[in-house]
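The values are calculated or read from the model by the stated rules, or taken from the named source; none is laboratory data. Given the structure is predicted, the values throughout are model-derived calculations rather than measurements. All Cβ positions, glycine included, derive from the backbone under ideal geometry; neighbour counts span all protein chains shown. Areas reflect the complete protein model, heavy atoms only, side chains present, ligands, DNA and RNA absent. Shrake-Rupley method; radii C 1.70, N 1.55, O 1.52, S 1.80 Å.
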Amino acid sequence: FNLPAEIALDQSDSTDEFIYVANRGWLTGQNGFYNGVTSRGFILKACTGIATTTACTETGKLVAAYVGDNQIYNIEVHGDHVYALTKNFTLYKLNKSDLSFVTKTNIYDSSTIWRNHPLRDGIAVVGEGTGEHVYVLSNLNKIICKFKASDLSSTTFTGGSHCITGLTHAQGLAVSGKTTATTTDDFLYVWRRINNGTIRKYDANTGNYI
C-alpha cells in the first residue's frame, strides 16, 4: 500500500478474511496484477490474516486489484460489491469477489458536489435490492447526496431532495442497518467538527435529522 486513504471490511463476512484499500500513492502493478502499470488509482483487496483459508494463506497477500482514473479517496463494501470514489469525482461499482468492473459514473455537479477532500469526505452504502443506496459526503460542500446502488444514478430522499445540506465541518460517514433486510434501522452518522465535536444522526430514507 502507498498512502492509503481509506480501508473497508465486509460486514457480511464474520471472518473478516479480506481488507479493501483505497490508495492515493503511486504503485506499480506486478505479479499478475496490472504488470508494469503505474498509477495512483489502485483499489486493492488483500488478506487480513485473521482467517487462514485457501485464498488467504498469509497476511497481506494481494488477491485482486483494480485501477481507477485517479487517486482513490473513499471505499465501501456492501453485498456483492465494492464502491469507490476518486479525486476526479468518479464513483465506481466493482464486483467484490475479484474487483472486476460493473459500472461507474461521474458525480461532479456544480450545484451539489464539486469539491472534495482526501481525508474528510465519506461514502456509505445501505439497503437491499431496489432499496440499496450509496451516500456520498463532501466536507467542503457541506453536503450528503444519495445515489442508486444499481446504476449509481442520482436519486432523492423521500422528502424529494437529492442531498442533505448545511453540514458545516462534517467529516466521515457511517451507516447502521447494513446486515438487516428492513429499512427501519437504516441511519446515517456523520461527525461534525464543531467545538468538541458532535455526531449527527439522519434517517437514510427521508434524510431527516434524528
inquiry  = Just to be sure I understand the filter: pairs with C-beta atoms under 8 Å, separated by 6 or more residues or on different chains, first member in region 16-43 and under 15 Å from E76 (Cα atoms), second member basic (K, R) and open to solvent by 50 Å² or more (accessible area, probe 1.4 Å). Which pairs pass?
reply    = N23/R40
request  = Working only within region 155-175, note down all residues that are free of Cβ contacts under 8 Å to residues at least 24 places away in the same chain and either under 16 Å from S110 (Cα atoms) or among the small types (G, A, S) (or both).
outcome  = G160, T165
ask   = Would you pick out the residues in region 177-202 that are touching a residue at least 24 places away in the same chain (Cβ under 8 Å) and under 21 Å from E132 (Cβ atoms)?
value = G177, K178, T179, A181, T183, D186, L188, V190, Y202
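Condition first: in contact (Cβ under 8 Å) with a residue 24 or more places away in the chain and closer than 24 Å to Q171 by Cβ. Can you find one or more residues in region 58-67 that meet it? Give the derivation first.
Of all residues in region 58-67, those in contact (Cβ under 8 Å) with a residue 24 or more places away in the chain come to 62-67.
Checking which are closer than 24 Å to Q171 by Cβ leaves us with none.
No, because not a single residue in region 58-67 is in contact (Cβ under 8 Å) with a residue 24 or more places away in the chain and closer than 24 Å to Q171 by Cβ.
Of all the residues that make up region 130-159, how many are of a type in the set (A, V, I, L, M) and part of a strand (DSSP E or B)? Talk me through it step by step, then tell me what you get.
Taking region 130-159 as the starting set, the residues that turn out to be of a type in the set (A, V, I, L, M) are 134, 136-137, 140, 143-144, 149, 152.
Those still in the list that are part of a strand (DSSP E or B) too: 134, 136-137, 143-144.
Adding up the residues that qualify gives 5.
Regarding I123, is this residue more than 22 Å from D10 (Cβ to Cβ) and buried (at least 20 other Cβ atoms within 10 Å of the Cβ)?
no
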task = Within region 126-140, work out how many residues are open to solvent by 30 Å² or more (accessible area, probe 1.4 Å) and without any contact (Cβ under 8 Å) to a residue 40 or more places away in the chain.
result = 3
task = With the condition kept exactly as written, say whether any residue in region 183-192 is under 19 Å from the mean Cα position of the chain (by Cα) and of a type in the set (V, I, T).
result = yes
ask   = Looking only at residues in region 99-119 that are open to solvent by less than 80 Å² (accessible area, probe 1.4 Å) and of a type outside the set (A, V, I, L, M, F, W, C), which one is modelled with the lowest pLDDT?
value = P118
